[in-house]
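Asks: Encoded as structure tokens, here's the structure I'll be asking about.
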Amino acid sequence: MQRKLFVVPAAVLAAALLVAGCGSSGSSGSAGAPAAADSGPASGTITFTGTDNAETYQPVIKAFEAKNPGIKVAYTQIPFDQFNATMQQRLSAKDSGIDVYTVDEPRVSQLAAKGFLTDLSDLDDQVKTKVSAAAYKTNHFRDKLWSLPMWNSTQFLFYNKTALAKAKVPPPTADPQQRWTWEQVEAAGRKAMQSGGAKYGLFMEQPEAYYQLQPLAESLGGGSGIEGDDALTPAVETDGWKKAMQWYGATFASGLSPRGIGGFQTGPVFSNGQVAFFVGGPWDLKIFGSSKIDWGVAPLPYFQGGKPVTPTGSWSLGINPASKQQGMARKFLEFATLDATGNLATTSTTTIIPANLEAQKQYTPKMDAFSGAKTAGAAAITAYESEHTAVSRPVSVGYIQFEEVMGKAFADIRNGTNPDTRLQEATRQLTDAWKSIK
Amino acid sequence: MKRRGQGLIALAFLAPALLCLAVLRIVPAISAVVESFYTESLLRGGRVFAGLGNYTDLLSNQDFRQSVGVTLLFTVLVNPIQVVVSFLLAVLFTQKAAGARLWRTLVILPIATPPAVSAVIWSVIYRPDGLANGVLERLGLPAQPFLTSSGQVLPSLIVLLSWIGVGYWMLFLIAGIQEVPVEVREAALLDGASAWRRMVSVILPLVRRPLAFVLVADTVSNLLVFAPVQILTKGGPNGNSNLLMYDVYTRAYAIGDIHVAQAEVVILVALTLAIVAGQFRLLRGDQ
């Protein structure tokens, strides 16, 4: 028996080596990769990687290819949940199979620091005149420009007209001056659950994402969660954060919002008519258009006694320094962002706000009619928020770790963990994670 | 001389496999060990030798220690359950009974589903308004939180992983049971041994060899569980499903600290080897 068991140790050894193999890959580069001197061939195929489905980028790719004969663009989608980790893995391995990729704006600093982005500073003057000051700023790190803003975003409060009417609750208006408070939303949501036929009162599209939850704390004056000169000091235990998270945790504990539903499953909860209020982005203006229920849009609520704050920012485009086709990659990048026609084409399938100001001017008025009468008011809300209430996510070299740690904290608070102690733990985790950056 | 020639030919045939082993397994493993002794500052740049710094950092990290605890608890629970259930199913499906082949196919079917797809299926089953709670409701039982509760998350994952794994391990045991000589079984029958007695005193000792393989291979595969955690729980709630393999991934690619992650990989390999060595010791003691 003993002799014949030899297969097993071999299997174990192989498995052990497999584990070891999984963790190893090239170490990341030093700060600030220099722009590649060689711009590569003038024709061929460049690869473009992002999180949206392929249809989203078909129009811009088509327009670009028509304008630049000889250059083809191949798009690869990596689902949002896995995007950041996969990119980290491929970029640190200096994978030349990616030429252009989408960059989440708060991540610009760390990606640039790690040498994962090509310096685009020679386009600085152009970018300054073509996008908003906030977008211009977030794409910079150490006074250099690393990525070009493609889109902008905001959040709306979607409401189920049928459920509210059934519960005899007057719906919120689209007027930003008469913005509802979260307290009003909660009360109306409960009524819709009692007598409006809704299963839940309120639901967020990304219930564990910092992007959507930052405005809760900011509305109560809790700050972004990051402070200090180097933006590497956690500040998530402020009164604003604690109050916001206590309220947020309670919405799940009381059944106003559902636990255990995440990722791609959240939108359908609203379009199926199961929830009275839903917080979502401009992309939903068209997605919900195919829903059978009747709905409308209103501005994002704020806390009573607090101030209205809305999220902003979206994807930028950057170039992988390991790309061997820098010249062609740059052409595509400029077309999709700085050229108004090209930038507008990126927003024709998925409804998202173009970052190019000229494209934005043409785009915003159309938002009112994305789903007929249901989306009336969306344009005015978008314009108002971007001018008065938009607060960017913090710019920090440690943002990637911050988002990761906070995402887990939000998930735990959602599942019933005490918010105060969980935020305290998040502080400890952030301090630990940021130690390796400093 | 002839012998040497033979050796060279054998080596030539083995060369591709050996080369792959070296390039794909041994070199990365060595690189992981080496890198685990270095550290790199994002703000200052440059790779610095850190000695055992990454290891001491890890050992003093509360989340890492919790992850080791969760992984050990998971290992202690999942392996005996899967091995026992696979064995019972193997015994059941080697009986001459109507439809045995059909049942066997149904049990094996989940193997053909990629782990990621299984996880997505189970995410719907475990949803608060999902299939599992629907069934409980029909039975007049209260709804359960499953993946959203610190206490139920690990058992829920064990059920999911057993749904995938049990059929696979059962295959090895069925092969083992079918090798038990018919005479032995008939002798036991003639002696009037009960079904239970035949299973425990005849079949069990005779399938000890495939059983040992299943136990060890199952243990290793369960120490490497990743996809369901990544897709369903992200290690939560409160780190209660944060298995080491997922923790390594988070550290390397989400937190982005590749060096500490490599130190963790080395610890995971050491832990795996220690557990498997322990199992061998126990199995040898039986002889």
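The values are calculated or read from the model by the stated rules, or taken from the named source; none is laboratory data. Since this is a predicted model, take the numbers as computed values, not measurements. Note that we place each Cβ from the backbone using ideal geometry, even for glycine, and neighbour counts take in every protein chain shown.
Asks: For the condition more than 14 Å from chain B (Cβ to nearest Cβ), within 27 Å of A:VAL269 (Cβ to Cβ), surrounded by fewer than 17 Cβ atoms within 10 Å (Cβ to Cβ) and touching a residue at least 24 places away in the same chain (Cβ under 8 Å), what is the one hit in A:GLN126, A:GLN77? First the steps, then the outcome.
Replies: Numbers: A:GLN126 fails: within 27 Å of A:VAL269 (Cβ to Cβ).
Among A:GLN126, A:GLN77, only A:GLN77 is more than 14 Å from chain B (Cβ to nearest Cβ), within 27 Å of A:VAL269 (Cβ to Cβ), surrounded by fewer than 17 Cβ atoms within 10 Å (Cβ to Cβ) and touching a residue at least 24 places away in the same chain (Cβ under 8 Å).
Asks: If you check every pair at least six apart or on different chains, which have Cβ atoms under 8 Å apart with a residue in the range B:209-228 that is within 7 Å of chain A (Cβ to nearest Cβ) and farther than 17 Å from B:ILE164 by Cβ first and a residue that is assigned to a helix (DSSP H, G or I) and charged (D, E, K, R) second?
Replies: Note: pairs meeting the criteria are B:ARG209/A:LYS4.
Asks: Also, quick follow-up: Restricting the search to the range A:368-380, which residues are within 15 Å of A:TYR159 (Cα to Cα) and hydrophobic (A, V, I, L, M, F, W, C)?
Replies: Answer for the range A:368-380, where residues must be within 15 Å of A:TYR159 (Cα to Cα) and hydrophobic (A, V, I, L, M, F, W, C): A:ALA373, A:ALA376, A:ALA378.
Asks: Residue under question is A:PHE264, and the condition is that it be buried (at least 22 other Cβ atoms within 10 Å of the Cβ) and under 21 Å from A:THR154 (Cα atoms); does it hold?
Replies: For A:PHE264, the condition - buried (at least 22 other Cβ atoms within 10 Å of the Cβ) and under 21 Å from A:THR154 (Cα atoms) - is not met.
Asks: Count, please, the residues in the range A:77-96 that happen to be within 24 Å of A:GLN58 (Cβ to Cβ) and hydrophobic (A, V, I, L, M, F, W, C).
Replies: 4
Asks: Turning to a different aspect of this structure: Can you tell which of A:THR421, A:THR427 is free of Cβ contacts under 8 Å to residues at least 60 places away in the same chain, surrounded by fewer than 22 Cβ atoms within 10 Å (Cβ to Cβ) and not assigned by TED's automatic domain parsing to the domain that holds A:LEU111?
Replies: Values: A:THR427 fails: free of Cβ contacts under 8 Å to residues at least 60 places away in the same chain.
From the options A:THR421, A:THR427, the qualifying one is A:THR421.
Asks: For the range B:91-119, give me the residue count where each residue is under 24 Å from B:VAL225 (Cα atoms) and not hydroxyl-bearing (Ser, Thr, Tyr).
Replies: Number satisfying all stated conditions: 12.
Asks: Among the candidates A:ARG107, A:ARG90, A:ARG142, A:ARG179, which residue alone is within 30 Å of A:PRO299 (Cβ to Cβ), of a type in the set (Lys, Arg) and not assigned by TED's automatic domain parsing to the domain that holds A:VAL275? Spell out how you get there, then give the answer.
Replies: Details: A:ARG90 fails: within 30 Å of A:PRO299 (Cβ to Cβ); A:ARG142 fails: within 30 Å of A:PRO299 (Cβ to Cβ); A:ARG179 fails: not assigned by TED's automatic domain parsing to the domain that holds A:VAL275.
After applying the criteria, what remains is A:ARG107.
Asks: When you check B:ALA15 against the structure, is it away from chain A (no Cβ under 11 Å), more than 14 Å from B:ASP257 (Cβ to Cβ) and either surrounded by fewer than 13 Cβ atoms within 10 Å (Cβ to Cβ) or not hydroxyl-bearing (Ser, Thr, Tyr) (or both), yes or no?
Replies: Here the answer is yes, as B:ALA15 does meet what is asked.
Asks: Could you grab me the full set of residues in the range A:80-98 that are of a type in the set (A, V, I, L, M) and crowded, with 16+ Cβ neighbours inside 10 Å?
Replies: Here is the first cut: in the range A:80-98, the residues of a type in the set (A, V, I, L, M) are A:85, A:87, A:91, A:93, A:98.
Hits for the range A:80-98 are A:ALA85, A:MET87, A:LEU91, A:ILE98.
Asks: Scan A:ASP95, A:ASP124 and give me the residue that is assigned by TED's automatic domain parsing to the domain that holds A:GLY50 and outside any loop (DSSP other than H, G, I, E, B). Lay out the reasoning, then the answer.
Replies: Working: A:ASP95 fails: outside any loop (DSSP other than H, G, I, E, B).
Residue meeting the stated conditions: A:ASP124.
Asks: Related question: Kindly indicate which of A:ALA345, A:ALA336, A:ALA378 is assigned by TED's automatic domain parsing to the domain that holds A:ASN68 and buried (at least 23 other Cβ atoms within 10 Å of the Cβ). Before you say what the answer is, go through the steps one by one.
Replies: Numbers: A:ALA345 fails: buried (at least 23 other Cβ atoms within 10 Å of the Cβ); A:ALA378 fails: assigned by TED's automatic domain parsing to the domain that holds A:ASN68.
None of the others qualify; the one that does is A:ALA336.
Asks: Of all residues being more than 10 Å from chain A (Cβ to nearest Cβ) and of a type in the set (A, V, I, L, M, F, W, C) in the range B:24-62, which is surrounded by the fewest Cβ atoms within 10 Å (Cβ to Cβ)? Just the residue, please.
Replies: Pass one, the range B:24-62, residues more than 10 Å from chain A (Cβ to nearest Cβ): B:37, B:48-53, B:55-56, B:58-59.
Now narrow it down to the ones that are of a type in the set (A, V, I, L, M, F, W, C): B:37, B:48-50, B:52, B:58-59.
Values: B:PHE37: 17, B:VAL48: 11, B:PHE49: 8, B:ALA50: 18, B:LEU52: 12, B:LEU58: 23, B:LEU59: 13.
Restricting to residues being more than 10 Å from chain A (Cβ to nearest Cβ) and of a type in the set (A, V, I, L, M, F, W, C), the top hit is B:PHE49.
Asks: Return the only residue of A:LEU202, A:LEU216 being touching a Leu at 6+ places or on another chain (Cβ under 7 Å) and either crowded, with 21+ Cβ neighbours inside 10 Å or within 30 Å of A:GLN401 (Cα to Cα) (or both).
Replies: Step by step, each of A:LEU202, A:LEU216 is checked, and only A:LEU202 is touching a Leu at 6+ places or on another chain (Cβ under 7 Å) and either crowded, with 21+ Cβ neighbours inside 10 Å or within 30 Å of A:GLN401 (Cα to Cα) (or both).
Asks: Go through (1) over 23 Å from B:ASP257 (Cβ atoms); (2) of a type in the set (Lys, Arg); (3) in contact with a helix residue (DSSP H, G or I) (Cβ under 9 Å, 6 or more places away or on another chain) and name the single condition B:LYS96 misses.
Replies: Just one mismatch for B:LYS96, condition (3).
Asks: Take A:ALA217 and tell me if it is part of a helix (DSSP H, G or I) and touching a Phe, Trp or Tyr at 6+ places or on another chain (Cβ under 7 Å).
Replies: Judged against the criteria, A:ALA217 is a match.
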